[in-house]
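Have a look at the structure below before the remarks.
The values are calculated or read from the model by the stated rules, or taken from the named source; none is laboratory data. Quick caveat: nothing in here was measured; it's all calculated off a predicted structure. With ideal geometry, Cβ positions are generated from the backbone for all residues, glycine too; neighbour counts draw on all protein chains shown.
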Amino acid sequence: MLNKFEKNYEVTYRDTDARGECFFTSYMNFMADCGLSQEEKLGFSLPEMVKNNHTWMLYDYDVIVYKYVKYKEKVRVITYAKSLNKFYALRVFEMYNEDNELISEGSTLALLIDTIKKRPCRIPNEYYKAYGVEKENCGQGKRDLEVKNIQRLDYEKKVEVRYTDIDMNWHVGNVKYIEWVLETIPLDIIKNYRTHQIKIKYKKEVVYGTNVSIQTQINCINEESNEISTIHKLVNDQYEELALIETYWNKANL
């Protein structure tokens, strides 16, 4: 049986936007913290992984928000490893509001990396036992998340990776990519639409001091329903792809 873990959060001032609603990135931060908390409970804390020369590297991320919560409201996050398959794990998240409504779902595919050899390594047997994943079913949940590439350049913004962008693994934190991308989207969209879904495909590790160009394409999906999508490609000075990102927006009936 899959080992599920849950944790409660309160939407604080730093989690809210100008409308008093929870940032999309805060949903992602709640999910990430919940996942780390489960790993710590199971004995796979970050210090323990460092000791064993292991780290998780995210390959992709898919998050959907159905309903936005507001300042001081509470949410409950449930997470579990849906499948483990040789080198990677598929982790799933569910988020509920105080009325027990499902308000957000997410999933992420991560590779277990040997930090000495700098390459993927097989997930140890103790992980299968701890997460309640049967080895004979380890192929279930395997996916290839499709994330589009840009076809034209509508907006571009350049950033230099700061110290505050770096996480405990000394590379850019996974949610920082989304913060950068949102800064390339026109304010008119930010003010009048809500982000419904974000898909990310991570391509290359980004470290301190790297110059990153965020290239953006904006599409109108459906004029009648006022749906908008954006596509983003992040590249470094050598024009190497760092990440591909898609976002989907719905009209915010304010």
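Of the residues that make up segment 78-87, is at least one of a type in the set (D, E, K, R), outside the structural domain of Thr247 (by the TED database) and either at pLDDT 95 or above or crowded, with 20+ Cβ neighbours inside 10 Å (or both)?
Within segment 78-87, the subset of a type in the set (D, E, K, R) is 82, 86.
Next cut, outside the structural domain of Thr247 (by the TED database) only: 82, 86.
Next cut, either at pLDDT 95 or above or crowded, with 20+ Cβ neighbours inside 10 Å (or both) only: none.
Checked segment 78-87: no residue is of a type in the set (D, E, K, R), outside the structural domain of Thr247 (by the TED database) and either at pLDDT 95 or above or crowded, with 20+ Cβ neighbours inside 10 Å (or both).
Which residue is modelled with the lowest pLDDT, if the candidates are limited to segment 167-181 and must be part of a loop (DSSP other than H, G, I, E, B) and out of contact with any Ser or Thr (no Cβ under 6 Å at 6 or more places or on another chain)?
Pass one, segment 167-181, residues part of a loop (DSSP other than H, G, I, E, B): 167-171, 173-175.
Those still in the list that are out of contact with any Ser or Thr (no Cβ under 6 Å at 6 or more places or on another chain) too: 167-168, 170-171, 173-174.
Working: Asp167: 87, Met168: 82, Trp170: 85, His171: 87, Gly173: 90, Asn174: 92.
Only one residue tops the list, namely Met168.
Condition test on Arg14, is it assigned to a helix (DSSP H, G or I), among the basic types (Lys, Arg) and either in contact (Cβ under 8 Å) with a residue 40 or more places away in the chain or surrounded by fewer than 21 Cβ atoms within 10 Å (Cβ to Cβ) (or both)?
Values: assigned to a helix (DSSP H, G or I): yes; among the basic types (Lys, Arg): yes; either in contact (Cβ under 8 Å) with a residue 40 or more places away in the chain or surrounded by fewer than 21 Cβ atoms within 10 Å (Cβ to Cβ) (or both): yes.
Here the answer is yes, as Arg14 does meet what is asked.
Can Asn169 be described as surrounded by 13 or more Cβ atoms within 10 Å (Cβ to Cβ), in contact with a Lys or Arg (Cβ under 8 Å, 6 or more places away or on another chain) and in contact (Cβ under 8 Å) with a residue 60 or more places away in the chain? First the steps, then the outcome.
Details: surrounded by 13 or more Cβ atoms within 10 Å (Cβ to Cβ): yes; in contact with a Lys or Arg (Cβ under 8 Å, 6 or more places away or on another chain): no; in contact (Cβ under 8 Å) with a residue 60 or more places away in the chain: yes.
Taking the combined requirement at face value, the residue does not satisfy it.
Given the structure, is Ser26 surrounded by fewer than 21 Cβ atoms within 10 Å (Cβ to Cβ) and among the small types (Gly, Ala, Ser)? Quick ask: steps written out before the conclusion?
Values: surrounded by fewer than 21 Cβ atoms within 10 Å (Cβ to Cβ): yes; among the small types (Gly, Ala, Ser): yes.
It is true that Ser26 is surrounded by fewer than 21 Cβ atoms within 10 Å (Cβ to Cβ) and among the small types (Gly, Ala, Ser).
I'm trying to understand the selection: among the residues of segment 193-208, which are under 21 Å from Thr164 (Cβ atoms) and either assigned to a strand (DSSP E or B) or of a type in the set (Asp, Glu) (or both)?
Of the residues in segment 193-208, the ones under 21 Å from Thr164 (Cβ atoms) are 200, 202, 204-208.
The answer is Ile200, Tyr202, Glu205.
Exactly one of (1) surrounded by fewer than 18 Cβ atoms within 10 Å (Cβ to Cβ); (2) part of a loop (DSSP other than H, G, I, E, B) is unmet by Tyr68. Its number?
The failed condition is (1).
Here is a list: Leu2, Leu84. Which entry is in a strand (DSSP E or B), touching a residue at least 40 places away in the same chain (Cβ under 8 Å), out of contact with any Leu (no Cβ under 6 Å at 6 or more places or on another chain) and farther than 25 Å from Tyr193 by Cα? Before the answer, list the steps.
Details: Leu2 fails: in a strand (DSSP E or B).
After ruling out the rest, the residue left standing is Leu84.
Against the condition without any contact (Cβ under 8 Å) to a residue 12 or more places away in the chain and closer than 22 Å to Met57 by Cα, how does Asp188 come out, does it pass?
Working: without any contact (Cβ under 8 Å) to a residue 12 or more places away in the chain: yes; closer than 22 Å to Met57 by Cα: no.
In short, no.
Please pick out the residue among Thr184, Thr164 that is at pLDDT 90 or above, under 28 Å from Thr210 (Cβ atoms), assigned by the TED database to the domain that holds Val206 and in a loop (DSSP other than H, G, I, E, B). First the steps, then the outcome.
Values: Thr164 fails: in a loop (DSSP other than H, G, I, E, B).
So the residue among Thr184, Thr164 that is at pLDDT 90 or above, under 28 Å from Thr210 (Cβ atoms), assigned by the TED database to the domain that holds Val206 and in a loop (DSSP other than H, G, I, E, B) is Thr184.
Condition first: part of a helix (DSSP H, G or I), within 20 Å of Glu205 (Cβ to Cβ) and hydrophobic (A, V, I, L, M, F, W, C). Now tell me which residues in segment 21-61 satisfy that.
Across segment 21-61, the qualifying residues are Met28, Ala32, Leu36, Leu46, Met49, Val50.
So for segment 52-62 (the condition being closer than 24 Å to Asn3 by Cα and without any contact (Cβ under 8 Å) to a residue 24 or more places away in the chain), does at least one residue qualify?
First, pick out the residues of segment 52-62 that are closer than 24 Å to Asn3 by Cα: 52, 54-62.
Going one step further and asking which of them are without any contact (Cβ under 8 Å) to a residue 24 or more places away in the chain, we end up with 52.
Yes: one or more hits.
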